[in-house]
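Q: I have a structure here, written as structure tokens, and I will follow up with some questions on it.
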Amino acid sequence: MGRAAAIRPLREVPGWDDEADVIVVGLGAAGACAALEARSAGADTLALERASGGGGTSALSTGQIYLGGGTPIQQKCGFEDSPDEMYRYLMASCGPGVDEPKIRLFCDHSVEHFSWLVAQGIPFKESYYGDGSYTPTDDCLSYSGSELAHPYLDIARPAPRGHTVQQESIESGGMLMRRLLQKVENSGTRILLDTLCETLVLDEDRRVVGVVARIAGSPRYYRARRGVILAAGGFINNREMVERYAPLLLKCTLRLASDGDDGRGIRMGMGAGADTIRMETASIVLPFTVPKALIQGVMVNRQGQRFINEDAYQTVVGEAALRGQDGQVYLIVDDAIYEPPFPPTEVAAVGDTFEELERELGFAQGSLQSTLELYNRGAQRGEDPIFHKASSHLAPLIHPPFAALDYTTETAIWAVFTLGGLRTSPDGAVLTPDGELVEGLFAAGRTTSGLAAQGYSSGLSLADGTFFGRRAGRKAAASISR
């Protein structure tokens, strides 16, 4: 189940069960926005959803959408932002391998996209929460990335860009999807639920002209006169694909995904000749920042060495910890800053001195001691000369007992979802390895490789899926009918 899905030649289709101008596969945020824009452009649109209702992983999310450039919420809360500052931050943080045309387009049209979301009935409160990848209140705006951390602070003027859908719950994705799905239903889009898409139909010119699906185990054939849009999620729930493309992710215990994130849409595209890129990339969340006092701790590897500034966003720390340190990391705290972490994790060792803590952890003699002594000397001056953690998060660890919180992958909760997928143009057209169009095929959301190549900021997936889902819908609707 990790390979390309075999295509169905048109000559082998016994007959069409239904047809439409545009067929959307998957009805999460990306698929819903694609369907809305295809209908707005006048295309007869059919949405095929494998579950008994739309929503997908988007409905399970915190409902935070990364938007900026000077949105009305940013202005109301007193934060100055511009498309250029947003662009500089995302270009620096979303790499290596960043997709510059997509980021430029997204930044330039982010304010317009916010207004479009509001026009769909999605509520945003005109309020600022603070830092965080989720807001446990119904507030909207927060810093959801590494904007305030080194090195990004010196690259772009920081501004909070996480816009959380208003809902008195941290799972505001449910509200987002309820509003979008209601709009889809009202738009005249035809929706088929419990419909599992399996492969694409190609004609003799290798153009995508339809979809093969199953309903209650029986095959169904759906013709697409203008195009098919794949918006079926990522592949974190497909073990074979993860083993093939991103085996390190198997160390992570919590998959942030619905059952539909099994790579089906990606494999359908591959069967039609699509290129896949950045398949090894993922959002790797190491949740150690709640309560915030823990950011004043020191993250070290098995060699007792620091490897990153601890105030970087938790996905950036997670990526560095998993890819660079094999997930073998500990957070060193003292009695002054320790609070029980959320999510909870175990205490690996306790000591009244750095030497005792080092010995309890089984580290080489002097390794942790030298790291913490160097850190303390800088922290006492309000600086971090090695990794440049912000002074607001610096505090010398001088109050025993000292403890090492166990954040190894074997013990702590690490949350993960994939970022790699089909290669697409900024308009959502699917491309071959040679950069040619796969005629009649479009894609959006986590089925594609979008804004973040690596270096995730919370809210980018919903931003990517909704923004480029809209573009894919418009592009498919404008394709020549066959």
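The values are calculated or read from the model by the stated rules, or taken from the named source; none is laboratory data. Please read all numbers here as calculations on a predicted model, not as lab measurements. Cβ: placed from backbone, ideal geometry, glycine included. Neighbour counts: every protein chain shown.
Q: Looking at the structure I just gave you, is L422 surrounded by 24 or more Cβ atoms within 10 Å (Cβ to Cβ), among the hydrophobic types (A, V, I, L, M, F, W, C) and more than 24 Å from T62 (Cβ to Cβ)?
A: The answer is yes for L422.
Q: Further question on the same structure: Search the stretch 348-362 for residues being of a type outside the set (D, E, K, R) and in a helix (DSSP H, G or I), and hand back the single one that is surrounded by the fewest Cβ atoms within 10 Å (Cβ to Cβ).
A: Going through the qualifying residues, I end up with L361.
Q: Still on this structure: Restricting attention to the stretch 402-419, does a residue exist that is modelled with pLDDT of 95 or more, more than 28 Å from K251 (Cβ to Cβ), surrounded by 13 or more Cβ atoms within 10 Å (Cβ to Cβ) and not basic (K, R)?
A: no
Q: Counting only residues that are under 17 Å from the mean Cα position of the chain (by Cα) and within 21 Å of V212 (Cα to Cα), how many does the stretch 31-63 have?
A: The number of residues fulfilling the criteria is 2.
Q: Take the residues of the stretch 271-284 that are among the hydrophobic types (A, V, I, L, M, F, W, C) and under 10 Å from the mean Cα position of the chain (by Cα): which is nearest to G95 (Cα to Cα)?
A: Per the stated criteria, the residue is A282.
Q: If you don't mind, another one. Within the stretch 167-185, identify whether any single residue is at negative phi and in a strand (DSSP E or B), and answer yes or no.
A: No, every residue in the stretch 167-185 fails to be at negative phi and in a strand (DSSP E or B).
Q: Kindly indicate which of V290, V329, V317 is under 21 Å from the mean Cα position of the chain (by Cα) and crowded, with 22+ Cβ neighbours inside 10 Å.
A: V317
Q: Return the pairs, sorted by first residue and then second, in which the second residue is in a loop (DSSP other than H, G, I, E, B) and of a type outside the set (D, E), the first residue lies in the stretch 446-463 and is in the same structural domain as R323 (by TED's automatic domain parsing) and within 21 Å of D262 (Cβ to Cβ), the beta carbons are less than 6 Å apart, and the residues are 6+ apart or on different chains.
A: Hits for this filter: zero, empty list.
Q: From L294, L368, L322, L374, grab the single residue that is touching a Leu at 6+ places or on another chain (Cβ under 6 Å) and either outside the structural domain of Q454 (by TED's automatic domain parsing) or in a loop (DSSP other than H, G, I, E, B) (or both).
A: Of the residues listed, the single one that is touching a Leu at 6+ places or on another chain (Cβ under 6 Å) and either outside the structural domain of Q454 (by TED's automatic domain parsing) or in a loop (DSSP other than H, G, I, E, B) (or both) is L322.
Q: A further question follows. Take the conditions in contact with a strand residue (DSSP E or B) (Cβ under 9 Å, 6 or more places away or on another chain), among the β-branched types (V, I, T) and under 21 Å from V285 (Cβ atoms) and apply them to T164. Does it pass?
A: yes
Q: If we keep just the residues of the stretch 338-347 that are in contact (Cβ under 8 Å) with a residue 60 or more places away in the chain and either part of a strand (DSSP E or B) or more than 27 Å from the chain's Cα centre (by Cα) (or both), which is farthest from N301 (Cα to Cα)?
A: Filtering first and then ranking leaves Y338.
Q: I would also like to ask the following. Could you please find all residues in the stretch 448-482 being of a type in the set (S, T, N, Q) and touching a Lys or Arg at 6+ places or on another chain (Cβ under 9 Å)?
A: T448, S449, Q454, S457, S461, S479, S481
Q: Here is a further query. Go through L176, L180, L196, L141 for me and flag whichever is buried (at least 23 other Cβ atoms within 10 Å of the Cβ), aliphatic (A, V, I, L, M) and in contact with a strand residue (DSSP E or B) (Cβ under 6 Å, 6 or more places away or on another chain).
A: Just one listed residue meets the conditions, L141.
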